[in-house]
Amino acid sequence: MKHKPRLPQGLLTTGSITLTVLVLFATLPGYASIYTVILLAAIFMYIVLTLSWSIFSGPTGYISLASAAFLGTGIYTSAIFGKMLPLPVVVGIGGLASFCLALLAGALTLRLKGIYFSMFTFGLVELIKHLMLWFEINLTGTRGRFVIVVDHITVYYVMLVLLALTILTAYAIRRSKFGLALQSIGEQEEAAAHTGVNVTLVKVSAFAISAFFVGATGAIMATRWTYIDPYIAFNYLFSFMPVLMAIFGGMGQLYGPIMGATVFAYLEEILITRFPYFYMLFFGIILIVSVLYLPNGLAGLIQGWQKRVWGARYVHP
Amino acid sequence: MEDKKRLTRRDFLKVAAVGTAGLAGACSQIPVTGKDKEKIVVGMSRPLSGPLAVIGDSAFRPIYETWVPEVNAEGGIYVEEYGRKLPIELIVYDDKSDVGTMTRLTEKLIVEDKVDFLWPASGTSFVFAQAPIANKYGYVLITAEGGATSIKDMLPSLPFVFVTLSFSDWYQLPVLAELLGEKGAKTAYIVYIADLHGIEYSGVAGIEFPKQGIDIIGVKSVPPDIKDLSQIIKEAKASNADVFCCFAYPDQVMPATGTSMELGFNPKAWVGGPCVNFGFYHTTFGPAAEGVLGFTSFSPKQSAAAKTLADKLYTGKPEEAQDWWGHPLYWAGLEIWKQAIEKAGTLDQAKIRDIIATEKFQTVLGETWFDNGLLAKECHTGEIGQWQNGVYEVVGPKNMATADTVYPKPEWPTGGG
Amino acid sequence: MSILEAEGITKHFGGLTALSGIGFHVDQGEILGLIGPNGAGKTTLFGLISAALPPDRGVIRFKGEVITGLKPHQVCRRGVARTFQSVKVFPNMSVLANVMVGSFFGRPNTVSAAAAEGESVELLEFVGLSAFAAIPARDLTLANQKMLEVARALATAPELLLLDELMAGLNPTEIGLAMDLVTRIRDRGITVFMIEHVMKAIMCVCERIMVLHHGEKIAEGTPKEIAASKTVVEVYLGESAYA
Amino acid sequence: MLVTFLDIVIAGLLLGGLYALIAMGLSLQYGVARVLNISHGEFIMLGALTTWAFYTAFDINPLAALAICGPLAFILGFIIHRTLYKRLLNSSGSLALFEGNSMLASFGLMFIVQNLALMFWGPEIRGYSYLAFPVDLAGAVFGANRLVTLGFAILIGLTFYFFLTRTRIGKAIRAAAQDPAAAGIMGVDINNVLAICFGLGAAMAAIAGMLISMSYPVHTGMGLEYTIIAIIVVVLGGLGSIPGSFIGGLLLGLIGSIVTYFEPGLALAAYYVIFILLLLVKPTGLMGKS
């Protein structure tokens, strides 16, 4: 579907909408309530997590469960360097640390396919968590650290910048040669290799790029958490959440993961505050109903509407 | 408010009208704030789901769910500024046992819902994360589940935070060491959970035990999700220590007890907690709980007030609901809060804080006050408890004991439960 | 002059010997056929040349340089392209995009998007798929998917093209077109090394034929020589006796 | 020395037996029905809490609860597959899409089951002691309840093995694990086979829950932890290989036991080190086909 000849008008519309939305968000702290700002920063976090997950996992089909490892690396960076270095540097280091971790992990996991790759990445999260725990207890004699507190507006803007960068990167990759290479790997890895695609390099670098944004997000969001320990930082929910949100949103389009993360995160916020005793029940029901009636996610729903409006795109010969 | 209170999970099934009742309950939660105060709105972020739900639900929740209706039945808390009694309304959010969500919801309660007061989240690390936020906004925070030696160092910089729970060197382990030392214990083997709680308890034990002539002959840390403890219990058994300490949570203390029984490891003193202090420990192990030591803070035998509280909380409820350590301390915390509001005559947090920090109050524990942000150890009505004839007795400190320590503990019963 | 030379190529799978000590050469600009019964080691040999598999022993030289030990994409960029016995197109990508992957990545130099698209369009025309440029590759017929693989391979600007059973599963008309295509590819100056079971095709198109049996080279020569070879006939008769 | 060694090995097998049982259930659901069932642990929780409830309220022997929990869970699992996953299988365009969607659905199921259990039982920790006395085996001491657990795990594993190899439906399941189309050729309704697999997986989870409740505290939030162990074991053993899951479970228990003997703080880290190393050496698990 993605490879129909692209229309410049479509690009123009998308571009102008994106720009308007960005301006709207950039001026938001001026007129919205402070909690809106706090909540949006949290939703941005989920979008960045989901979108950067889909940068790598979307086209290649390698379901990574390493997000929590990258987020946790960023969180720990913030806890360790937060007091010594200026915030942008800390966020950068958080991103770079995750980037390096992903390079290493990526180089090791190349042989693994399917669920084996997924479980390897999951094992990575748990391994880092337990080693960190052991390390802290036996070598530093503590567990847990305080993170320097940063005000909401700063956190919001840093998250907004990260979000914009992630969307731009995801968009650029989708439209680039690199994106084509990634997709060819997902479609037929062996053929891609024999058609000249350096599959190792492409996979590892995509994995590392996506990890960068997650790590940077961890570094900035940790300042909202005040206190962290290995169990808090390397919480495997942050590995599952991006996958769920991306599937929920639909992975075929760029806006799928964005919508998935936004709706998912907002829905959760409503449920845990309005229906705290039945949050899981309602959430579960919504998940099952949506998976039954929206097998291609929210993006599939929207494409369905588009099809109904404009008629079927392809009439096959 | 009343609708919502009735809607606890278990009762909910009986109501059966799932959707509609849930909706009604939810809608009644939207707070109303206005010039004419009609109620005191109290907000909480609690772990209603996720791994911490186990702690939150059996520790602070039964306390506030008993205490709030009791106060509201009398019309609420008298606030001079408004010249009338204001009932308490609770807003409870589910933080899914996630710190990031908890800190966000705490800020939501403060900046968006503009609650009058903040009540605590659950768990020591959550207290660490929540305390600086409450303090930053100038909200009094009297904590419930959670306390640690390292929080003592923080409290001077957190004037709005008050810690009610007793903990390792405040003043449980010095008392435990003295009790065991007097009974002639010479050696101890310690297993602790690899978190703040475990590290602190084992660290404090390392200081206090030797003072009473008890050598620590083995120390092992275990990660929180370990399953099989048999290798460690075997090692403890082989060490022949007089005292076995398991400074961990129910998820480890329960299997540690079971494994000790299975492997026939019966030291002269078996100490475990938090876990032994809960009613479910006794319902699980029955007669095998006999002689096991844990932490505590009261016994209904101590005073009329203590008995009234125990009756209020536990009569007509399954034994699993009992918590002989935290419950009276949390209860006292709420009583202090109420009395401080009444004394201040206003809902102004700073004034209330000053009163809590400096004055003394009459609570279920007797005369009660905070000592640099910690509930004064002089107010504790017990530190160490022991199951004796199916009752959890206070055995230390001596001047508050309802029974003498049984040492050595009896053999585990054979032939299963 | 030979464009590809191999000496002593040996490959085992577990206890099984797929190739033992094969040596051969492909001349610049020729069409060399590779035949042999099922399990003779033909596809394994292609795998070794294109670096899908490492040989256990032996050396392969392409234009005089050793290519054993390289990665598949490196071999491709040096000028060796291949197609697959069981088609391996990128099913959800458009036909055009399939070919563009080849022009973008299969060459030693960088290619601009416009140039890549232009060449890809030209190659689709060359293999007769112009009409299908925009549809997803999965919707092509088997014959057209095979043509697409050829176009994709050609997009990498190869000097040597390895065709693995291009004509298997095609009907007589399609076989005719494919035979014509192979000749036209050679006419573009590209050396062709092809595995084929369709005897008519191999006899007509190839200038030279090599025969593998049980991992060993049993014959080599012009189509006429091969047709007359006793050993080859025995091998094939033996096989058909089983079948 | 020898006794210590035996001691460690047997202790590892005692836990490993439990892991094996949990993993075999998931192996059926994931290996055959292609549902990465995140709610697997919730069936363990249901089995455990039901057993606890029967034991404490009606004094029903935990082992007898097997006769109640097993069939109930089977029916529940069967119905869930017939209603939910079968529909998903039909509506998802490809196998990859189905795997994603069914995982999402199983997450939903996990949330629902957990919340319903919370409403019914509350989150409190429960436990009881049953057969908690030492048994001396040639100098090494073990809990009677754990030996019974291992016995049951082996018994159920063997029963199951014979079911798979000797019965028609079992053979169909094995065929479906290799290739779903093949089962259709054997003249077996593939939807029925998949639903039976899912039901059997649920039943094995419930039985494992029953055995767990004899040695460990149980509560409504216990499920996910076991789900993760099950997934690890299934992958370790090799996807679609039921003997692989059995061996993988025992192996994991063994490793945990050995590492705990030397350094309990690293017991869980060791699981993941072994897991990761094994995947690097053999990317398709112990008994997986490449």
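The values are calculated or read from the model by the stated rules, or taken from the named source; none is laboratory data. As the structure is a computational prediction, the values presented were derived from the model and not from experiment. Heads up, the Cβs are rebuilt from the backbone with ideal geometry, glycines too, and the neighbour counts pull from every protein chain shown. With ligands, DNA and RNA removed, areas are computed over all heavy atoms of the protein, side chains included. Shrake-Rupley method; radii C 1.70, N 1.55, O 1.52, S 1.80 Å.
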(message) Give me the residue from segment B:356-386 that is more than 18 Å from the chain's Cα centre (by Cα) and not charged (D, E, K, R) and, out of that set, surrounded by the fewest Cβ atoms within 10 Å (Cβ to Cβ).
(response) B:358
(request) Might you let me know whether segment D:155-173 holds any residue that is in contact (Cβ under 8 Å) with a residue 40 or more places away in the chain, of a type outside the set (Asp, Glu), touching a strand residue (DSSP E or B) at 6+ places or on another chain (Cβ under 7 Å) and open to solvent by 20 Å² or more (accessible area, probe 1.4 Å)? (result) no
(request) May I ask you to say which residue of B:178, B:145, B:182 is buried (at least 24 other Cβ atoms within 10 Å of the Cβ), of a type in the set (D, E, K, R) and not in a strand (DSSP E or B)? (result) B:145
(message) Considering only segment B:267-286, I want to know if a residue exists there that is part of a strand (DSSP E or B), within 14 Å of chain D (Cβ to nearest Cβ) and more than 21 Å from residue B:403 (Cβ to Cβ).
(response) no
(message) Kindly evaluate residue B:156 against the criterion of being under 25 Å from residue B:373 (Cα atoms), more than 19 Å from the chain's Cα centre (by Cα) and assigned by TED's automatic domain parsing to the domain that holds residue B:39.
(response) yes
(request) Considering (1) surrounded by 13 or more Cβ atoms within 10 Å (Cβ to Cβ); (2) over 18 Å from residue C:38 (Cβ atoms), say which one residue C:197 fails and leave the rest. (result) (2)
(message) Just the residues that are polar (S, T, N, Q) and outside any strand (DSSP E or B), please, taken from segment C:6-61.
(response) C:28, C:38, C:43, C:44, C:50
(request) Report the residue count in segment B:234-257 for those that are surrounded by fewer than 23 Cβ atoms within 10 Å (Cβ to Cβ), in a helix (DSSP H, G or I) and within 18 Å of the chain's Cα centre (by Cα). (result) 1
(request) Kindly check whether there is at least one residue in segment D:262-269 that is part of a helix (DSSP H, G or I) and acidic (Asp, Glu). (result) no
(request) Answer yes or no: is there a residue in segment D:133-141 that is among the small types (Gly, Ala, Ser), open to solvent by 30 Å² or more (accessible area, probe 1.4 Å) and closer than 30 Å to residue D:5 by Cα. (result) yes
(request) Any residue in segment B:202-224 that's without any contact (Cβ under 8 Å) to a residue 40 or more places away in the chain: show its pairings with residues that are open to solvent by 40 Å² or more (accessible area, probe 1.4 Å) and in a strand (DSSP E or B) at Cβ separation under 7 Å, as long as the two are six or more apart or on different chains. (result) B:206/B:216; B:209/B:216
(request) With respect to residue C:111, determine if the residue is within 12 Å of chain A (Cβ to nearest Cβ), closer than 25 Å to residue C:47 by Cα and either in contact with a Phe, Trp or Tyr (Cβ under 6 Å, 6 or more places away or on another chain) or buried (at least 17 other Cβ atoms within 10 Å of the Cβ) (or both). (result) no
(request) Identify the residue in segment C:15-69 that is within 14 Å of chain A (Cβ to nearest Cβ) and touching a strand residue (DSSP E or B) at 6+ places or on another chain (Cβ under 8 Å) and, among all such residues, is surrounded by the fewest Cβ atoms within 10 Å (Cβ to Cβ). (result) C:53
(request) Can you run down the residue pairs with Cβ atoms below 9 Å, 6 or more apart or on separate chains, where the first is in segment D:128-145 and facing chain B (nearest Cβ under 7 Å) and the partner is of a type in the set (Lys, Arg)? (result) D:131/D:146; D:141/B:234; D:141/B:237
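Helices (runs of 4 or more DSSP H) wholly in segment A:1-112 with at least 1 residues that are in contact with a strand residue (DSSP E or B) (Cβ under 6 Å, 6 or more places away or on another chain) - which ones? Can you show your working first?
Values: elements: A:8-31, A:34-60, A:67-81, A:87-109.
Counting at least 1 such residues, we get A:67-81.
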(request) Sort through C:211, C:233, C:205, C:182 and tell me the only one that's more than 14 Å from every other protein chain (Cβ to nearest Cβ) and without any contact (Cβ under 8 Å) to a residue 40 or more places away in the chain. (result) C:233
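Residue by residue, here is whether (1) more than 7 Å from every other protein chain (Cβ to nearest Cβ); (2) under 25 Å from residue A:278 (Cα atoms); (3) free of Cβ contacts under 8 Å to residues at least 40 places away in the same chain holds:
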{"position": "B:93", "(1), (2), (3)": "no, yes, no"}
{"position": "B:117", "(1), (2), (3)": "yes, yes, no"}
{"position": "B:126", "(1), (2), (3)": "yes, yes, no"}
{"position": "B:131", "(1), (2), (3)": "yes, no, yes"}
{"position": "B:134", "(1), (2), (3)": "yes, no, yes"}
(request) Any chance you could count how many residues in segment B:210-224 are within 24 Å of the chain's Cα centre (by Cα) and part of a helix (DSSP H, G or I)? (result) 0
(request) Restricting attention to segment C:1-33, report how many residues are in contact with a Gly (Cβ under 6 Å, 6 or more places away or on another chain) and not small (Gly, Ala, Ser). (result) 5
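Residue-by-condition table, conditions (1) modelled with pLDDT of 95 or more; (2) aliphatic (A, V, I, L, M); (3) closer than 19 Å to residue D:267 by Cα; (4) open to solvent by 10 Å² or more (accessible area, probe 1.4 Å):
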| residue | (1), (2), (3), (4) |
| --- | --- |
| A:110 | no, yes, no, yes |
| A:116 | no, no, no, yes |
| A:133 | no, yes, yes, no |
| A:137 | no, yes, yes, yes |
| A:145 | no, no, no, yes |
| A:148 | no, yes, no, yes |
| A:158 | yes, yes, no, yes |
| A:168 | no, yes, no, yes |
| A:188 | no, no, no, yes |
(message) If residue D:180 meets every condition in (1) at pLDDT 85 or above; (2) open to solvent by 40 Å² or more (accessible area, probe 1.4 Å); (3) not aliphatic (A, V, I, L, M) apart from one, which number is that one?
(response) (1)
(request) Tell me, yes or no, whether segment D:251-262 has at least one residue that is facing chain A (nearest Cβ under 10 Å) and either in contact with a Cys (Cβ under 6 Å, 6 or more places away or on another chain) or touching a residue at least 40 places away in the same chain (Cβ under 8 Å) (or both). (result) no
(request) Identify all residues within segment A:35-71 that are within 27 Å of residue A:270 (Cβ to Cβ), open to solvent by less than 10 Å² (accessible area, probe 1.4 Å) and not hydrophobic (A, V, I, L, M, F, W, C); write none if there are none. (result) A:35, A:50, A:52, A:67
(message) Considering only segment D:80-89, I want to know if a residue exists there that is at pLDDT 90 or above and more than 30 Å from residue A:237 (Cβ to Cβ).
(response) yes
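Which of the residues that make up segment C:118-136 are facing chain A (nearest Cβ under 10 Å) and surrounded by fewer than 17 Cβ atoms within 10 Å (Cβ to Cβ)?
C:131, C:134
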(request) Spot the failing condition for residue C:78; the list is (1) within 14 Å of chain A (Cβ to nearest Cβ); (2) touching a residue at least 60 places away in the same chain (Cβ under 8 Å); (3) basic (Lys, Arg), and only one is missed. (result) (2)
